[in-house]
1. Identify the residue in the range 13-37 that is assigned to a strand (DSSP E or B) and of a type in the set (D, E, K, R) and, among all such residues, is farthest from THR51 (Cα to Cα).
2. Among all residue pairs at least 6 apart or on different chains, which show Cβ distances below 9 Å where the first residue, located in the range 42-63, is over 23 Å from VAL8 (Cα atoms) and of a type in the set (Gly, Ala, Ser) and the second is assigned to a strand (DSSP E or B) and open to solvent by 40 Å² or more (accessible area, probe 1.4 Å)?
3. Which is over 26 Å from the mean Cα position of the chain (by Cα) and closer than 20 Å to ILE43 by Cβ, of GLY103, GLY111, GLY79, GLY127?
4. When you go through GLY12, GLY25 one by one, which is the residue that is surrounded by 20 or more Cβ atoms within 10 Å (Cβ to Cβ) and at pLDDT 95 or above?
5. Check LEU83 against each of (1) of a type outside the set (Ser, Thr, Tyr); (2) open to solvent by less than 30 Å² (accessible area, probe 1.4 Å); (3) without any contact (Cβ under 8 Å) to a residue 24 or more places away in the chain and name the one condition it does not meet.
6. Output the residues belonging to the range 191-210 that are assigned to a loop (DSSP other than H, G, I, E, B) and either open to solvent by less than 70 Å² (accessible area, probe 1.4 Å) or within 14 Å of PHE139 (Cα to Cα) (or both).
7. If you take the residues in the range 166-189 that are over 20 Å from LEU204 (Cα atoms) and in a strand (DSSP E or B), which one is least open to solvent (accessible area, probe 1.4 Å)?
Amino acid sequence: MLESYKSVRSAGSKEIVIKKSRFIGYIMPVQSEEEAVSFIEDIKKKHWNATHNCSAYMIGERDEIQKQSDDGEPSGTAGKPILEVIKNQGLKNVAIVVTRYFGGIMLGAGGLIRAYTDGAVAAIEAGEVIEWVLHREVFVELDYTWHGKVENELRTEGVRTGETTFADKVTLLCLPYDGEAEAFKDRMIDVTQGQAVLTEGEKLYLIKGE
């Protein structure tokens, strides 16, 4: 699994006008090719009367799935620029559609490439770029006497936490970065003088800074 990757927070859209042609950029975070295709088809249905609905998507940990469509625009002037924007911004698991309503002025190949590039950038801005970082669940079980000290240590070190369970003992769900999980466990043993019982859970991606 990747230590981190960038995507967008949510679906979004933004319109720009270039020489009287309307370009509406749409973006959606997706986890599969089926989701991407469904999203593109939904936009095509919404804008059934548009001149073009050009698209691109990139999916997979290693960008295994990459597709693009010029949807009737001259070859290489729409889908490819959209895909290049996704690559250049380092995004994963996103689909973009740029809808065009022709305004009567021809843009030429270079103008189309710039327009669809700008439409894709506008879509990404609307979706809001975020970074997902790989964390590991570590459950820390300890006596109540250690609770305050451990909580203080977690705050000092800036370790993310989840739910705390209070029973015969206290169990804290801690979420260190995956690459720092072993060092974190060693620290918990040191802080509690070997009294904590540590159990690893799942690896999961969380949004950086939240």
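The values are calculated or read from the model by the stated rules, or taken from the named source; none is laboratory data. Computed from a predicted model, the values in this text were never measured in an experiment. So basically every Cβ, Gly included, is an ideal-geometry build from the backbone, and we count neighbours across all protein chains shown. Heavy atoms of the whole protein, side chains included, go into the accessibility calculation; ligands, DNA and RNA do not. Shrake-Rupley method; radii C 1.70, N 1.55, O 1.52, S 1.80 Å.
1. Among those residues, the one meeting the criterion is LYS14.
2. Close Cβ pairs satisfying both conditions: ALA50/ARG22; ALA50/TYR101.
3. Selected residue: GLY103, the only one of GLY103, GLY111, GLY79, GLY127 that is over 26 Å from the mean Cα position of the chain (by Cα) and closer than 20 Å to ILE43 by Cβ.
4. Details: GLY12 fails: surrounded by 20 or more Cβ atoms within 10 Å (Cβ to Cβ).
Going through GLY12, GLY25 in turn, just one is surrounded by 20 or more Cβ atoms within 10 Å (Cβ to Cβ) and at pLDDT 95 or above: GLY25.
5. All conditions pass for LEU83, except number (3).
6. Filtering the range 191-210 down to residues assigned to a loop (DSSP other than H, G, I, E, B) leaves 192-196, 208-210.
Listed by number, the residues that qualify are THR192, GLY194, GLN195, ALA196.
7. First, the residues of the range 166-189 that are over 20 Å from LEU204 (Cα atoms): 166-170, 186-189.
Checking which are in a strand (DSSP E or B) leaves us with 166, 170.
On the way: PHE166: 124, VAL170: 0 Å².
Per the stated criteria, the residue is VAL170.
Per-residue answers, yes or no, for (1) in a helix (DSSP H, G or I); (2) over 22 Å from THR51 (Cα atoms):
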| residue | (1), (2) |
| --- | --- |
| LYS80 | yes, no |
| ILE86 | yes, yes |
| ILE96 | no, no |
| ARG100 | no, no |
| ILE105 | no, no |
| ARG114 | yes, no |
| ASP118 | yes, no |
| GLU125 | yes, yes |
| VAL133 | no, yes |
